[in-house]
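See structure below.
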Amino acid sequence: MTFLGLLFYILAAVTVAATAVAITRRNMVHAVVYLIVSFFGTAMIFYFFGAPLLAALEVIIYAGAIMVLFLFVVMMVKVDSPGEDLLPARQWIPAAVFGLIYLVIAFLMIFETRGADAPLGLLIASPRDFALYVLQNHWFSIEVISLLLLLALIGALQLGKSQTKPGTGDET
Amino acid sequence: MAYPTLAALIMATFLPFAAFLLIMIFTRMKPGLSARLSIGSVAVSFVCSVVLLAQNWAAPGPVEYSTQFLASSGLNVQVGFLADQLGLLMLTIVAAICLLVQIYSLGYMAGDPGFSRYYAFMSLFAWAMLSLSVSRSLLQIYVFWELVGLSSYLLIGFWYEKFSASQAGKKAFVMTRAGDVAFFLGIFVVLLNAGNLGVLELNGPTATRMPHEVLTLSALLIFGGIVGKSAQFPLMTWLPDAMEGPTPVSALLHSATMVAAGVFLFARLFPFFSLSPEAMGVFLAIGTISMLLASTMAMVSRDIKRVWAYSTISQLGLMIMGLAAGGYFAGVFHLTTHAGFKALLFLCSGVFIHHFGTNDFYELGRSGSRGLKIPTISIVIAAAALSGVPPLSGYFSKESIMSALAGLSNPMWLLAGLLGVFLTAYYSFRVMFVMFFPKSVEQESGHAHAPDHAGYRAMTGPLVFLATVTVLLGFFEAPIKNFLAGMLVIDLHAPETNWSHIAALVLSIAGLALAWFEFGRRGAEQVGFVEKIPPLYRLFAERWYLDHIYGLFVDRVIDRGISWLCWQNDNKVIDGAIDELAGGTVEGGRISAFLQTVMIQYRLLAIFAVLVFLAFYFFFEKI
Amino acid sequence: MIVPLSHALILSAILFGLGVFCAVSRRNLIMMVLGIEIMLNSASIAFVAAALRWQNLEGQTFVLFILAVAATEVSVGLAIIVYAFRRTGSFDPGNYNLLK
């Protein structure tokens, strides 16, 4: 096991642990913060896998924008005491059973696949190469995605606007 | 060179759409501004298309800009622009006609409460049609094809307060949709068998790899769309009803856009279609039937717009005949000239209708329609072009269609075509003589003198321009032929010296003479020979009972046949079974009720469980 | 980097399982959306690893699109959740039972 390999296993462990902790928190702010840790771990893994641009985007968009959006929402609506019964038995037991079956099958499938155990080489796609590749081969999809983002913006605006109408309730 | 061309293409096609959006969002309350926006955008499109045409006049091959939209193993769909000679020619025609019609509408629609909405729809229409003419793949053509259908529905039913107008809009929509279903199925057949929808690929080597039967099937299915859009034989009755819309809309619909889209598609896929001689035979027959049926209907109608509507059907039939006979250039050239003179006919008729307030041309003649000088001269020029009188544009294009028909081994088609020429000359000059040599003029003096205001000038400007084009276009036959010849691999076989030229000319003169004898000469009783034979007259006037047959079909087969069976089935079989089932369901429902709580999470869990089982399946299948 | 592809895939599978577990068993709409984010993220890891294994940038391109879709989904989803919260005063998916 090389140094980089060791680093990967440490990062993987941190990521999985942070995610596991995050999904069992009762306090949503804590959950979001743990998840940010997990996404940082993912970003590092991306970097080791030769995707520096994606690592940066992961930090900026996932850990930055999306999680902050979650934090905003959690703080904005301020549930005083979440009366959530954490993990009700009739939900988590089937979930856990199916999840275990799923994991077992996934492991089996992964080990069955030929060529999956070849060690990965070191190769870095520089942001320049990556950008050229994307814009040369997928520029149309990029346009479609930009349209999607625009629509999401309009949709979120519309949803936010309709609640400022008088009579629908409190405005924070 | 490449990027300016692309920019011009984008400007030419998307500006009208931008105008549509701007009008719908911002300027609905300001009619003047809406009209200026719309006309301005179409004018820029027109300039761009002319520049493109001039630039590519001598270009060796098609210019295309495209990108993959959908590529999977074996499937390949591109989107983009294909600016070859045919597309550019069509682009220019469409832009020119749209521009003229919009200028004309300034006068015609002045003061209408829906003025802004009218211009918005016109821009939408222009966008759809312009984009259709430079589309890269069949899928893209289909999208704009439907948009053309939608906007024509909106425009035909523009005066939606009028019951007949909204009915006519619906009829146009539904009947063309019947054809479009076939078109869509055809696209699927092509996609599944050829794996490619690009126009260039279909016209090139891809199509030849398809099995012959499949090729014929897909050609026939795609032709179904053409039949619907171009109002050919089984689906022709929507077009006369579409006259309910404003007259400029009819002009647009009939000359360069809606109905021409069908013929354009035929020309677009001409090499593809010509791989299947069987399909071409069917197309030829359908074109001939529609041409003759529509001509006979036009002989008895008293509504000026309807006469031109029937004549559109028959001219489109003639184009399809020309194309199906292998005369690629003949069909496209007739499409070009027809766009000019048919727009002119409708626009002139619009001036008369606007001024005298009636559609009946006997009435128009009696009220002294001769008084309006410019429209009178223009409409006579247009009608002469329609009848194929030299040296107007219609003469040249009809000649080339006749020579294409003469190239066929079976002389029947040529005879049918010649009969069509005769009938065309007869019915168009019937209208002319009745309108301008009426038996009695009951005009109060001063009523019919040409009004002199801005609206009238806006209306007559396009007329003068179109009349000039109609007179001159015929002399550009050779350059256009050379231009189009650049794109085709197939030969434009045209037997040069042929008796069909002379026969067509003689017959159109004969039709004209018959019309003069019955309607034009001093003391003529202005009753056509058809009207003297009552059964024939009724047959033609009722449009060969096509609408009745459709009504009967819907009534008998669908309402009483299929619906009755369905109803019986519903009553006896399904209801019985349902009663049995219901008891069981209630019990089952109680058991499964706990799953059907409104929790979305249980459903998520179910989805996840299914995924797990799928993983199971794939895992054990692989082993 | 001397780890086999299978290890990266295992990491991705575990994260995916955790995400599904979160989305299915937490009775809280925001946590459900978080679970979906975790699932998308795990898919991204698998894609990047596969891109490295086959030396093909297509995988990384996919991650880019996943990022964009995730951002879209979160913004609209959270807007809907806030809207729903304003109307019902609860995050519990079991409380959205007007149709029952």
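The values are calculated or read from the model by the stated rules, or taken from the named source; none is laboratory data. Fair warning: this is a prediction, and the values are worked out from it, not measured in the lab. Note that we place each Cβ from the backbone using ideal geometry, even for glycine, and neighbour counts take in every protein chain shown. Only protein heavy atoms, including side chains, enter the accessible area calculation; ligands, DNA and RNA are left aside. Shrake-Rupley method; radii C 1.70, N 1.55, O 1.52, S 1.80 Å.
Would the stretch C:4-24 turn up any residue that is out of contact with any helix residue (DSSP H, G or I) (no Cβ under 8 Å at 6 or more places or on another chain) and at the interface with chain A (Cβ under 8 Å from one of its Cβ atoms)? Yes, there is a match, as at least one residue in the stretch C:4-24 is out of contact with any helix residue (DSSP H, G or I) (no Cβ under 8 Å at 6 or more places or on another chain) and at the interface with chain A (Cβ under 8 Å from one of its Cβ atoms). Highlighted here are the helices (runs of 4 or more DSSP H) found entirely within the stretch B:138-237 that include at least 2 residues which are open to solvent by less than 10 Å² (accessible area, probe 1.4 Å) and either under 25 Å from B:Ser290 (Cα atoms) or in contact (Cβ under 8 Å) with a residue 60 or more places away in the chain (or both): B:138-156, B:163-194, B:199-203, B:212-229. Every test in (1) open to solvent by 50 Å² or more (accessible area, probe 1.4 Å); (2) under 23 Å from B:Phe608 (Cα atoms); (3) at the interface with chain C (Cβ under 8 Å from one of its Cβ atoms); (4) modelled with pLDDT of 70 or more is passed by A:Pro119 save one, and that test is (2).
Return the residues of the stretch A:122-134 that are more than 7 Å from chain C (Cβ to nearest Cβ) and either under 30 Å from C:Leu78 (Cβ atoms) or touching a residue at least 40 places away in the same chain (Cβ under 8 Å) (or both); say none if nothing qualifies.
Across the stretch A:122-134, the qualifying residues are A:Ile124, A:Ser126, A:Pro127, A:Ala131.
When the stretch A:27-38 is examined, which residues are found to be at the interface with chain C (Cβ under 7 Å from one of its Cβ atoms) and either assigned to a loop (DSSP other than H, G, I, E, B) or within 11 Å of the chain's Cα centre (by Cα) (or both)? Don't jump to the end; show me each part of the working.
Kept after step one, since they are at the interface with chain C (Cβ under 7 Å from one of its Cβ atoms), are these residues of the stretch A:27-38: A:28, A:31, A:35.
A:Leu35 - this is the single residue of the stretch A:27-38 that is at the interface with chain C (Cβ under 7 Å from one of its Cβ atoms) and either assigned to a loop (DSSP other than H, G, I, E, B) or within 11 Å of the chain's Cα centre (by Cα) (or both).
Exactly one condition in (1) within 21 Å of A:Pro119 (Cβ to Cβ); (2) modelled with pLDDT of 90 or more is not met by A:Met1; state its number. A:Met1 satisfies every listed condition except (2). Residues in the stretch A:39-55 that are more than 9 Å from every other protein chain (Cβ to nearest Cβ) and either touching a residue at least 60 places away in the same chain (Cβ under 8 Å) or open to solvent by 50 Å² or more (accessible area, probe 1.4 Å) (or both): A:Phe40, A:Met44, A:Tyr47, A:Pro52.
In summary, A:Asp85 fulfils each of the numbered conditions (1) within 7 Å of chain C (Cβ to nearest Cβ); (2) open to solvent by less than 50 Å² (accessible area, probe 1.4 Å); (3) at pLDDT below 90 with the single exception of condition (2). From the list B:Leu323, B:Leu316, B:Leu292, pick out the single residue that is open to solvent by 10 Å² or more (accessible area, probe 1.4 Å), assigned to a helix (DSSP H, G or I) and aliphatic (A, V, I, L, M). Of B:Leu323, B:Leu316, B:Leu292, the one residue that is open to solvent by 10 Å² or more (accessible area, probe 1.4 Å), assigned to a helix (DSSP H, G or I) and aliphatic (A, V, I, L, M) is B:Leu292.
Can you tell me which condition B:Ala524 does not meet? The list is (1) at pLDDT below 70; (2) open to solvent by less than 70 Å² (accessible area, probe 1.4 Å); (3) not in a loop (DSSP other than H, G, I, E, B), and all the others hold. If we test B:Ala524 against (1) at pLDDT below 70; (2) open to solvent by less than 70 Å² (accessible area, probe 1.4 Å); (3) not in a loop (DSSP other than H, G, I, E, B), just (3) comes out false. Could you list, in sequence order, all residues of the stretch C:25-77 that are open to solvent by 10 Å² or more (accessible area, probe 1.4 Å), within 7 Å of another protein chain (Cβ to nearest Cβ), within 28 Å of A:Val77 (Cβ to Cβ) and more than 13 Å from the chain's Cα centre (by Cα)? Correct list: C:Arg27, C:Ser75, C:Val76.
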